[in-house]
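Please read the structure below before turning to the comments.
The values are calculated or read from the model by the stated rules, or taken from the named source; none is laboratory data. All values derive from a computational prediction rather than experimental measurement. Note: ideal-geometry Cβ built from the backbone for every residue, glycine included; neighbour counts use all protein chains shown. To get the accessible areas, we keep the full protein, side chains included, count just its heavy atoms, and leave off ligands, DNA and RNA. Shrake-Rupley method; radii C 1.70, N 1.55, O 1.52, S 1.80 Å.
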Amino acid sequence: MAIHLKSKSFQYNLLFSIGGIFVTFAVCFGVYQFKRENEYKIDIMHSRLQMYNYELEQSLGDSIGSHDAFMRYMNRHSMKGVRTTVIDGSGKVILDSHQEDVSDMENHLQRKEIRQALRHGNGYDIKRTSLHTHETYFYSATAMPKTAGHKDGIVIRSAVPYSAEITQSLQADNSYIYFTAALTVLLGLVLYYNTSRIGKHIRYLYEFAVKAEEGDTLDHELERQLPDDELGEISHTIIALYWKLRHSEEERVRLKQQLTQNAAHELKTPTASIHGYLESILANPDMPQEKRQHFLERCYAQSERMSKLLQDMATLTKLDEKDVSVEQRKLDDVVVDVRTIIDNVLEDTALQLAEKGITPHLEVPEPTLVPGDAGLLYSLFRNIVDNTIAYAQGADTLKIICRQVENGGGQYYEFTVSDNGVGVDPVHLTRIFERFYRIDKGRSRKLGGTGLGLAIVKNAAMAHHGTARAETTPGGGLTIIFTLHR
């Protein structure tokens with residue numbers, strides 16, 4: 001229930017915040033548009049009356065102050081319902097179309113439309129009631145230039161009764177309000193639909209996070225159907241990444257546990273042997289010198305095996321626990337000559353190779369440069385050669401061939417290390433890189449192997465952006481193929 005409420009809260013917050021901004025904008029736009037529409041209608045009415053005032057002044061000219069001429073014009077050209085008044089520059093009413101005697105009319109200098117006309121040339125006032133006719137008018141006044149009889153100029157004012165017809169004509173057109181309201185509703189529905197989809201993704205990711213925190217099984221989450229959009233792809237990618245990280249961590253823990261268990265098992269035999277030999281020596285002080293020497297040599301051999309096992313385990317642990325993002329940059333900053341490393345390995349193992357009757361053959365360019373760790377690369381080639389010396393029964397040739405290849409747009413060196421010994425049954429080829437995997441457990445321990453050599457080969461190749469695999473050599477023998485990034 002808490003998950004549902006939280007996702008709904010996010011959805012509604014998003015909906016109301018975006019919707020509120022849009023509604024506020026729509027209201028402000030509506031008020032602004034209403035005001036503009038109203039001013040536009042008033043300007044039209046004002047312009048019409050201004051034209052009427054100018055026509056009156058043009059028609060009468062200097063006789064604008066004549067009562068008879070004024071009334072004759074009004075009788076011939078007056079607009080229906082329009083009241084016209086002529087006022088001098090001091091605000092005194094000179095003529096009025098609706099009143100013969102204007103002597104008792106108050107001074108109009110303080111009227112809004114008169115002040116505007118004297119200051120700006122024209123002016124208007126809306127919905128003001130006349131003190132004489134007691135009707136409500138729309139007033140429009142126009143200042144005229146000085147005339148012979150009126151040196152301060154005159155103001156011609158026309159007034160239209162504020163009837164229902166005029167009121168309607170001055171009102172703004174409200175159709176845009178309905179359009180805006182309809183558009184707001186439509187956009188609200190679209191916004192609700194999209195915020196619902198976002199809320200669904202948020203709810204799903206929140207549920208996934210809660211399950212992950214509680215340690216629930218999450219494998220089935222990858223099978224859940226998500227909306228086919230960008231958010232769905234992002235959600236699926238996040239879950240897939242988490243799934244991979246969790247399973248890789250679980251696999252890492254499993255491998256560590258397996259390594260610990262196998263190491264304990266492998267160390268048990270040499271430890272028991274050393275203990276037994278030393279116990280025999282201590283329990284028999286009169287033991288013949290030749291037998292004592294034999295027991296000490298066996299102790300030394302078992303200690304060598306333990307040392308090699310611990311060294312290999314340390315190498316694998318280093319490869320497992322290194323920070324790839326940091327260590328890989330360090331590897332990429334150092335250029336190593338692989339040909340020199342191979343020469344060093346063959347020189348260090350020359351005596352063992354000669355004892356086994358194995359002759360190495362190199363087809364590796366000089367130099368062969370790769371970015372990497374010289375120590376890891378030495379361990380890689382040394383373990384392959386040691387593996388050949390220990391297990392390639394009947395082999396007399398060890399070939400190391402290097403060629404340039406491309407893979408996935410990257411440039412690589414591919415190394416092929418093959419012998420012509422007894423080889424390995426194909427059923428074992430996919431597993432010989434596993435830690436402590438042995439084809440013949442008894443024989444491997446007798447030969448002093450740790451079971452970690454080829455595991456180090458694979459991990460060292462991977463640390464250098466490469467891969468490793470095993471094949472059967474044509475005609476018999478084992479071939480190890482691995483790549484190193486150029």
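Some points to look at:
- The stretch 39-77: number of residues that are open to solvent by 50 Å² or more (accessible area, probe 1.4 Å) and of a type outside the set (D, E, K, R): 10
- The set of residues in the stretch 439-471 being at pLDDT 80 or above and open to solvent by 70 Å² or more (accessible area, probe 1.4 Å) consists of K458, M462, H465, T467, R469, E471.
- Test: residue in the stretch 356-364 that is within 19 Å of G477 (Cβ to Cβ) and assigned to a helix (DSSP H, G or I): yes
- Subset of the stretch 374-417 (residues that are open to solvent by 20 Å² or more (accessible area, probe 1.4 Å), farther than 17 Å from V338 by Cα and part of a strand (DSSP E or B)): T397, E406, N407
- Any hit, the stretch 44-52, residues being basic (K, R) and part of a loop (DSSP other than H, G, I, E, B): no
- Test for V93: is it under 18 Å from A117 (Cα atoms), in contact with a Leu (Cβ under 8 Å, 6 or more places away or on another chain) and modelled with pLDDT of 80 or more: no
- Selected residue (criterion: nearest to the chain's Cα centre (by Cα)) from residues of the stretch 74-99 that are assigned to a helix (DSSP H, G or I) and closer than 21 Å to H46 by Cα: H77
- Criterion violated by T359 - all others in (1) more than 50 Å from the chain's Cα centre (by Cα); (2) among the hydroxyl-bearing types (S, T, Y); (3) at pLDDT below 85 satisfied: (3)
- Subset of the stretch 104-125 (residues that are open to solvent by less than 50 Å² (accessible area, probe 1.4 Å) and touching a helix residue (DSSP H, G or I) at 6+ places or on another chain (Cβ under 8 Å)): H108, G123, D125
- The C-beta contact set for the stretch 262-284 (first residue closer than 20 Å to L310 by Cβ, second residue modelled with pLDDT under 80 and open to solvent by 30 Å² or more (accessible area, probe 1.4 Å), distance under 7 angstrom, 6+ apart or interchain) comprises N262/R435; A263/M313; L267/M306; T269/R445; P270/M306.
- Note on the stretch 131-143: among residues that are open to solvent by less than 10 Å² (accessible area, probe 1.4 Å) and more than 12 Å from Q50 (Cβ to Cβ), the one that is modelled with the highest pLDDT is F138.
- For the stretch 359-373, a tally of residues being β-branched (V, I, T), open to solvent by less than 50 Å² (accessible area, probe 1.4 Å) and either in contact with a His (Cβ under 9 Å, 6 or more places away or on another chain) or farther than 18 Å from V457 by Cβ (or both) returns 1.
- Residue in the stretch 58-68 that is under 14 Å from T142 (Cβ atoms), in a helix (DSSP H, G or I) and among the acidic types (D, E) present: no
- For the stretch 270-297, a residue qualifies if it is surrounded by fewer than 14 Cβ atoms within 10 Å (Cβ to Cβ) and among the basic types (K, R), and exactly one does: K291.
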